[in-house]
1. Using +1 on the beta carbon of Lys and Arg, -1 on that of Asp and Glu, and nothing else charged, what's the dipole of the range 104-181 about the Cα centre, debye to 20?
2. Note down the nm distance, to one decimal, between modelled labels 7 Å out along Cα→Cβ at GLN217 and at SER147.
3. So for the range 124-209, averaging the separation of alpha carbon pairs under 8 Å that are six or more residues apart and normalising by length, what relative contact order in percent results?
4. Full extension from HIS117 to SER264: what is 0.36 nm times the residue separation minus their Cα-Cα distance, to one decimal in nm?
5. Among all the lysines, which ones have a C-alpha under 27 Å from LYS177's C-alpha, if same-chain residues fewer than 8 places away are not counted?
6. Where the only charges are on Cβ atoms (+1 Lys, Arg; -1 Asp, Glu), what is the dipole of the chain about its Cα centre, to the nearest 20 debye?
7. Need one number: convex hull volume per residue for the range 169-228, Cα atoms only, in Å³.
8. Can you tell me the mean projection area, over all orientations, of the convex hull of the chain's alpha carbons? Units nm², please.
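The values are calculated or read from the model by the stated rules, or taken from the named source; none is laboratory data. These numbers were taken from a predicted model, which means no experiment stands behind them. All Cβ positions, even for glycine, are placed from backbone atoms using ideal geometry, and neighbour counts span all protein chains on display. Protein only, heavy atoms only, side chains kept; ligands, DNA and RNA dropped before computing areas. Shrake-Rupley method; radii C 1.70, N 1.55, O 1.52, S 1.80 Å.
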Amino acid sequence: MGSMWMAGLRFENRRDRDAMIAKESRIFVAGHQGLVGSAVLRTLRGAGFRNLCYSVRASLDLRNREEVFRYFDRARPKGVVMCAGRVGGIGANQSSPVEFMAENLAMGTNVIEAADHYDVDRFVYLGSSCIYPRRSPQPITEDQLLSGRLEPTNEGYAIAKIACVKLCESLRLQYGKGFVSLMPTNLYGPGDRYEADSSHVIPALLLKMLLAKRSGQESVSCWGSGQPLRELLYVDDLAAACVLVLQHDGGFPILNVGSGEEVSIHELAEKIADVVGYYGKLNWDQSKPDGVKRKLLCSERIRSLGWRPRTPLSVGLKKTFQDFQERIERSAEMERGRERQQGSGQSRLVKSDDRVV
Ligand code: GFB
């Protein structure tokens, strides 16, 4: 709390920070098809927001500054939730640091600067708990930022996120803008990406175990030692925090958002096996990285604004698996439909949810 930004500047020029975001206000959800963005969209709808805008990547490439500024010029949102980004698990971060750093820097700075230029009232930027130093005292408070060396497996991603968090903080400090960064812990939930090598641990293990179960495979390969601890948060709980700070500026530039519920990766893999109903052996491949040993967040700030995590891990895992199975079913159905249409020579109907404003 005692950081320099508070001194003298906090209560000056509060025009934007005091601005009200009403249910009728136009809100731009950047990255609405991803894990976080889709949860933010359904939470905003559930909360009664009706003037939402978003755009698919084919019509708006957030890495392209001109396109982003043109979009803001057309859409003129009052609020923005910036969920877009190149994301992935420890494997993807380690193998593609260039893309993780460059793309997240470009998307972040383009959207933040356009939001500033077009004078949005409230901007919520999504950071990540990996921006904190790898040896931070636990639980990690927001003032640990930039106090030590980063975890090497996700350094590129973290540096891009830190730059954007600091840009938001500077806009707030220098110009009194209502820009806030949320720092979520490891997330999971419906709408995640399922790839064995590049996903985060939960989707990767759900996928590997389901495939192993279906093919009668005797064992599944899990990465690392299984010893690291992770704090896991169901994505709808994060989305509720986004909507809260979108509506009320709590006076903080950075807020951690964690469940407080920590498990070892070993224990997590067993829980996932239970949910999937996979009874084979779990092999621990120690040639794969463990990453940081522990990264438990201190979420007192966001809790002081009234936010609480609502979804226990056991419940969240079941919901996530159910969504995964439904999506597999839907894509199998689409595949069958495609084959039928190709067989009958009919063209395929394309339904787009893109709302271009
Ligand atoms: O979820 P995950 O990739 O994220 O890995 P991080 C968490 C832990 O699960 C690591 C282990 O110790 C992995 O070694 N693990 C076990 C597995 N089996 C698997 C598997 O099949 N796939 C994966 N992916 N992990 C990410 C950062 O780190 O956290 C990102 O790289 C981001 O930048 C994200 O910040 C929140 O927590 O290690």
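1. Details: 8 positive and 9 negative charges, 50 e Å.
Here the range 104-181 has a charge dipole of around 240 debye.
2. Spacing of the two 7 Å Cα→Cβ label points: 4.2 nm.
3. Relative contact order comes out at 31 percent.
4. On the way: separation 147, 0.36 × 147 = 52.92 nm, distance 4.43 nm.
That works out to 48.5 nm of additional length.
5. Candidates past the 8-residue exclusion: LYS23, LYS78, LYS161, LYS166.
6. Numbers: 50 positive and 43 negative charges, 115 e Å.
Rounded to the nearest 20 debye, it is 560 debye.
7. Numbers: hull volume 7.7 nm³, N = 60.
Per residue, the Cα convex hull of the range 169-228 comes to 129 Å³.
8. Working: hull surface 75.1 nm².
Approximately 18.8 nm², given one-decimal rounding.
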